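Take a look at the structure below.
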Amino acid sequence: MTAERLIACHECDLLQREAPLTGESVLRCCRCGAELYRNHPDSLDRALAFTVTAIVLFVIGNAFPIVGLSVNGDLVETTLLGAVRVLYRDGMWPIAGLVFVTTFLMPLMQMSAMAYLLFPLWRRRLPYRPDIVFRVLHLARPWGMTEVLILGMLVALVKLAHIASVVPGVALWTFGALMLILAAASAAFDPHDLWQRIGGHYRAAPGPEELAEPAARTAMASGLMTCHDCGLLTKAAPHVHDASCPRCGAHLHERKPASIARTWAFLIAAMVLYIPANMLPVMNTSSLFGSAKDTIMSGVVYLWTSGSWPLAIIVFIASIAVPMLKIIAIMFLVISTQRRSLAMLQQRTRVYRVVELVGRWSMLDIYVITILVALVQFNALATIQAGPAAVAFGAVVVLTMFAAMSFDPRLIWDATEHDHG
Ligand SMILES: [Zn+2]
Ligand SMILES: [Zn+2]
């Protein structure tokens, strides 16, 4: 590897020389402060060890009940997939699907893809078709939400404790450990190092003569494109509309295609659904004392009045404040970018980063409802069912995540370039 490769910032497109890093350190963009590259000593060994541990924990976590509820000597228990099945049976298949994808399928895909890439390399062999597996990993990563699931389990536990005596299951602790180990595995996983080890034609770095002296400050102005998936910088072939990355095969674009229009579309859909998500009941509880319909807000009020005010605050932030602030923040980003505003470029990039980071936490209420619905099924005594707002709310969370993913932060910085636009 040459010591000073050229790299483009994925958030502002500025071209920079890559400084070789030693020890545990981070290289940041000198214009917008985005993390360009993180150096991990022994990343391969550590990432593999954490990944294997995570897979074991994942299997245990899904084999045992999360939580049990004992009423009149009867113990009702549920596993994660059991809870999904109850939702599906109740006709709540959009929620069942969402929970299944975010807590089971995507984490499983992420761990399997990491193990698939790391294990052969650890044995000094090459994985077969690392390009495809790498893209699967890139796809799965933002949608695995084990850490949000854990918080959802805890909130559900507190709510259930008001109904009957709660027996925490093995899986509760296992998922807690899984959350930490999976985070450690993701942190230790170093795509940069991985591509270096795979080498061969997958390394496919552009020739040094090609990138020796960039024509302009940004990649786009120099006729270069960064791969969204693997970060490889390549020379853009002029007038080729479906160029693909020579390393991982992902489609290449100078900027995310139709970024502004797509972001608006997702955002408007999210705003429309935000209304029923807050007005309609998310949960129907029927018991001997009659039936009650809870909206998201009344659920927060209930937690507050029953003395669990820390949880009331958490649920309020995750379910009400975050979706609303996220919609407002993305709207601000899109409008200011459309107006080609030159104000607060750095701060706006930072807003984008925060939006990407916190959006997932809104899934909290969906997980709480899932667990409550799965456990409170005593026909005579009490039954909880998911209400129509749960579907609308789940859609709001997914749509705002799509909106954030469609927005291209490099457009913020394009306003500073005179020759484009
Ligand atoms: Zn940057
Ligand atoms: Zn690529």
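Quick note: the coordinates plus some simple rules give every number you see, no bench work behind them. This structure is a prediction, so every number in the text was calculated from the model and none was measured. Cβ sites come from the backbone with ideal geometry, for glycine too, and all protein chains shown count toward neighbours.
Please compute the Kirkwood hydrodynamic radius over the stretch 1-120, one decimal place, Å, based on all pairs of different Cα atoms. Can you show the working numbers first?
Details: mean 1/r = 0.0542 Å⁻¹.
It is 18.5 Å.
What shape does the stretch 279-334 have by the C-alpha gyration tensor, where a ≥ b ≥ c are the square roots of the eigenvalues, rounded means a/c under 1.5, and otherwise prolate means a/b greater than b/c and oblate the rest?
On the way: a/c = 5.24, a/b = 1.89, b/c = 2.77.
Oblate shape, in that a/c is at least 1.5 and b/c is the bigger or equal ratio.
Among 186-195, 6-15, what's the highest-first ranking by average C-beta atoms within 10 angstrom per residue?
On the way: 186-195: 19.2, 6-15: 22.7.
Output ranking for 186-195, 6-15: 6-15, 186-195.
Pull out the extension gain between Ile275 and Gln347, defined as 0.36 nm times the separation in residues minus the alpha carbon to alpha carbon distance; nm, one decimal.
On the way: separation 72, 0.36 × 72 = 25.92 nm, distance 2.94 nm.
Between Ile275 and Gln347, full extension yields 23.0 nm more.
If you find the alpha carbon centre of the stretch 270-310 and of the stretch 120-159, how far apart are they in angstrom?
Going from one Cα centre to the other spans 31 Å.
Which number do you get for Rg(Cα) / (2.2 N^0.38 Å) in the stretch 82-132?
1.66
How big is the dipole moment of the stretch 256-421 about its Cα centre under a simple scheme where the beta carbon of each Lys and Arg is +1, that of each Asp and Glu is -1, and everything else is neutral? Debye, nearest 20, please. Intermediate results must be reported in sequence, preceding the final value.
Details: 11 positive and 7 negative charges, 43 e Å.
Dipole about the Cα centre, nearest 20: 200 debye.
Taking the mean number of other Cβ atoms within 10 Å as a proxy for protection, how do you rank 343-350, 27-34 from highest to lowest? Display every interim value, and only then the final one.
Working: 343-350: 14.9, 27-34: 16.8.
Result, highest mean first: 27-34, 343-350.
Once both labels are modelled 7 Å past Cα along the beta-carbon direction, what's the Gln338-Met324 spacing in nm?
In this crude spin-label approximation the distance works out to 2.3 nm.
In straight Cα distance, which lysines are under 26 Å from Lys293, not counting same-chain residues fewer than 8 positions off?
The qualifying lysines are Lys159.
So if we plug the beta-carbon distance of Val354 and Leu381 into 1/(1 + (r/R0)^6) with R0 = 45 Å, what FRET efficiency do we get, rounded to 0.05? Each step should come with its number before you reach the end.
Numbers: r = 44 Å, r/R0 = 0.97.
FRET efficiency, Val354 to Leu381: 0.55.
Which Cα, out of Tyr302, Val354, Ala343, lies furthest along the positive dipole direction of the stretch 256-421 (beta carbon charges, K/R +1, D/E -1)?
Ala343
Just need the relative contact order of the chain here, percent rounded to a whole number, with Cα pairs under 8 Å and 6+ apart.
Working: 671 pairs, mean separation 87.7, N = 421.
After rounding, I find 21 percent.
How many angstrom lie between the Cα centre of the stretch 37-55 and the Cα centre of the stretch 73-98?
34 Å
If R0 is 51 Å, what FRET efficiency do you get for Thr22 and Leu288 from their C-beta distance, rounded to 0.05? Intermediate results must be reported in sequence, preceding the final value.
Values: r = 67 Å, r/R0 = 1.32.
My answer for the efficiency is 0.15.
Give the peptides 54-62, 116-124 in descending order of average Cβ contacts within 10 Å, highest first.
On the way: 54-62: 20.1, 116-124: 16.3.
Those peptides, ordered most packed to least, come out 54-62, 116-124.
Can you tell me how much longer the chain between Val170 and Ile60 gets when fully stretched, taken as 0.36 nm per residue apart minus their C-alpha distance, in nm with one decimal? Display every interim value, and only then the final one.
On the way: separation 110, 0.36 × 110 = 39.60 nm, distance 0.84 nm.
Length difference between fully extended and current span is 38.8 nm.
Quote the Stokes-Einstein diffusion coefficient, in whole µm² s⁻¹, for the stretch 218-318, based on the Kirkwood radius over alpha carbon pairs, a temperature of 4 °C and a viscosity of 1.567 mPa s.
Values: Rh = 18.2 Å.
Once the numbers are plugged in, D ends up at 71 µm²/s.
Let me spell out the model: positive unit charges on the Cβ of Lys and Arg, negative unit charges on the Cβ of Asp and Glu, origin at the Cα centre of the chain. What dipole size does that give, in debye rounded to 20? Kindly include the intermediate steps, with their values, before the conclusion.
On the way: 32 positive and 28 negative charges, 31 e Å.
Dipole of the chain, to the nearest 20 debye: 140 debye.
Choose one of Leu178, Gly144, Tyr128: the residue whose Cα lies farthest towards the positive end of the charge dipole of the stretch 124-204 (beta-carbon charges +1 Lys, Arg; -1 Asp, Glu; about the Cα centre).
Going by the charge dipole, the pick is Tyr128.
What do you get for Rg/Rh of the stretch 256-421 when both radii come from the Cα atoms and Rh is the Kirkwood radius? All intermediate terms of the calculation are to be shown ahead of the outcome.
Values: Rg = 19.3 Å, Rh = 17.4 Å.
Using Cα coordinates only, the ratio equals 1.11.
Once you wrap a convex hull around the alpha carbon atoms of the stretch 268-364, what is its projected area averaged over all directions, in nm²?
Working: hull surface 30.8 nm².
Here the figure is 7.7 nm², rounded to one decimal.
Going out from 0 in 20 Å bins, what whole percent of all Cα-Cα distances in the chain drops into each bin?
24, 51, 23, 2
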